[in-house]
1. So what are the ³J(HN,Hα) numbers for region 158-168, from phi and the Karplus equation (6.51, -1.76, 1.60; θ = phi - 60°), rounded to whole Hz, Gly and Pro as x?
2. Please go through the residue pairs Lys44/Lys138; Lys57/Lys167; Lys44/Lys74; Lys57/Lys173 and name each one whose alpha carbons sit more than 21 Å apart in this structure.
3. Arg55's amide H: which non-local residues (gap 5+, or another chain) put their own amide H closer than 5 Å, with H modeled 1.01 Å from N in plane and none for Pro or chain starts?
4. Quick one: length gained pulling Gln49 to Ile178 fully straight, 0.36 nm per residue minus the C-alpha distance?
5. Under a crude label model (7 Å from the Cα following the beta-carbon direction), how far is Lys61 from Tyr95 in nanometres?
6. Can you run phi through the Karplus equation (6.51, -1.76, 1.60; θ = phi - 60°) for region 84-94 and list ³J(HN,Hα) in whole Hz, with x for Gly and Pro?
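Every number here is computed from the coordinates shown, using simple stated rules; none is lab data. In this text, all values refer to a predicted model and were calculated from it rather than measured experimentally. Neighbour counts are summed over all protein chains in view; Cβ atoms, including those assigned to glycine, are modelled from backbone coordinates with ideal geometry.
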Amino acid sequence: MRKYLNIGAVLLLLIGFPTASYYYMKDGWNYRVRAIEAQGDYGKMPSLQDLAPLRGKLPEKLRGSMLVVGWLDKDNPSSTVSYGQTLDSLFQQFYASPNLYFTTITNGDAAFVDSFADSYELPEDDMLSFLRSDEPLKASGQSFQLPAEAGLEPLVALVDSSLTIRKHYNLSKRDETIGLVQLISLIIPLPEKADIIRAPEKEL
């Protein structure tokens, strides 16, 4: 009897646990995929590689990553404040998360971007990039099918690993910002050492 119990234990370790783990991970992956695909489909993201980098730069290959694209209008201070505060909080929460990038399209120059980054304590980091748009921000936003004019409100578009635009968020609205955080957390796990920001001025 003891011999059979030992054999059963060995088989459980060699076959049972790995098989259960495989199906658990597969179900978890499928759940993540279904969650983001349920958000919507606003078409493929326009290429951003032709936009001039002002600070940081996007990886040459974005497929397989998640991208949060925002718009920053140098002539709209109120939108700039909301965007800057929330971008800082998002970066702090997801810092060092794999395959996640935040990029900002702006009509400002390098000096404006550096001042903006310094104001909101945004470091030079591979996760962050700022790109110069020579066309009006309104036109850029329309290519992402934004629900409002880009730059007038702190809008972002969430782009999935297939480079499909899945959803738009207005960062001035708390419920939409929380929804963005929850969806990113579902698809891309938080780093082990990173804690959700709890300070009142940072909390989403």
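1. Each residue of region 158-168 in turn: 9, 10, 8, 5, 8, 6, 9, 6, 9, 6, 10 Hz.
2. Long pairs (Cα-Cα over 21 Å): Lys57/Lys167; Lys44/Lys74; Lys57/Lys173.
3. Phe130
4. Full-extension gain reported as 43.5 nm.
5. 2.9 nm
6. x, 4, 6, 4, 4, 5, 4, 4, 4, 6, 10
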